[in-house]
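These notes are about the structure you will find just below.
The values are calculated or read from the model by the stated rules, or taken from the named source; none is laboratory data. Here the structure is a predicted model, which is why all the values come from computation and not from measurement. Here the Cβ positions follow ideal geometry from the backbone for every residue, glycine too, while neighbour counts run over all protein chains shown.
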Amino acid sequence: MEITLSKEQGRVPVTVLHVTGRVNLGTAEQLQDKARETIQAGTVDLLLDLSGVESLTSAGLRAIHQIYQLLHDDSTKEQSGGIVKSPHLKLLSPSPAVRGVLKIAGFDTFLELHDNAQEAVSSFGG
């Protein structure tokens, strides 16, 4: 798995992690560590570009969930009384197979999935 980073400017600055390869037991921690590093460096809004991800296992799902928790504000959940889609973590262009895994696991209930990079970046801060 490879991860590259870019910065985009929409309504707010957005950090994009471009992930390629397989996100599995052997690589999930690498994704988590890279996200944690960017968040500790000041990232508030993070877009995971999954367009190059070939497969996503349960370990990859756990890594994405951990990233969600790092960026998630518990007060938002308490105010709404339930599950809220994250305003700070969004996913871009998962393949049909990866999108299927995300939906089966229910990740589409708390994460926005986008197919257009510009629309994804623009969706932050709104």
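Numbers for the structure displayed
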read-out	value
Test: residue in region 32-52 that is over 13 Å from the mean Cα position of the chain (by Cα), under 22 Å from A117 (Cα atoms) and not in a loop (DSSP other than H, G, I, E, B)	yes
Single match in A63, A117 (criterion: farther than 16 Å from G10 by Cα and either among the β-branched types (V, I, T) or modelled with pLDDT of 95 or more (or both))	A63
Considering residues of region 5-31 that are surrounded by 13 or more Cβ atoms within 10 Å (Cβ to Cβ) and hydroxyl-bearing (S, T, Y) only, the residue farthest from the chain's Cα centre (by Cα)	T27
Residue tally, condition within 23 Å of S123 (Cβ to Cβ) and either hydrophobic (A, V, I, L, M, F, W, C) or not in a strand (DSSP E or B) (or both), over region 15-31	5
The lone exception for L102 - which of (1) of a type outside the set (G, A, S); (2) part of a helix (DSSP H, G or I); (3) surrounded by 14 or more Cβ atoms within 10 Å (Cβ to Cβ); (4) touching a Gly at 6+ places or on another chain (Cβ under 9 Å) it fails	(4)
Cross-chain or 6+ apart pairs with Cβ under 9 Å, region 66-79 first and closer than 16 Å to E112 by Cα and surrounded by 16 or more Cβ atoms within 10 Å (Cβ to Cβ), then among the polar types (S, T, N, Q) and modelled with pLDDT under 95	Y68/S86; L71/S86; H72/S86
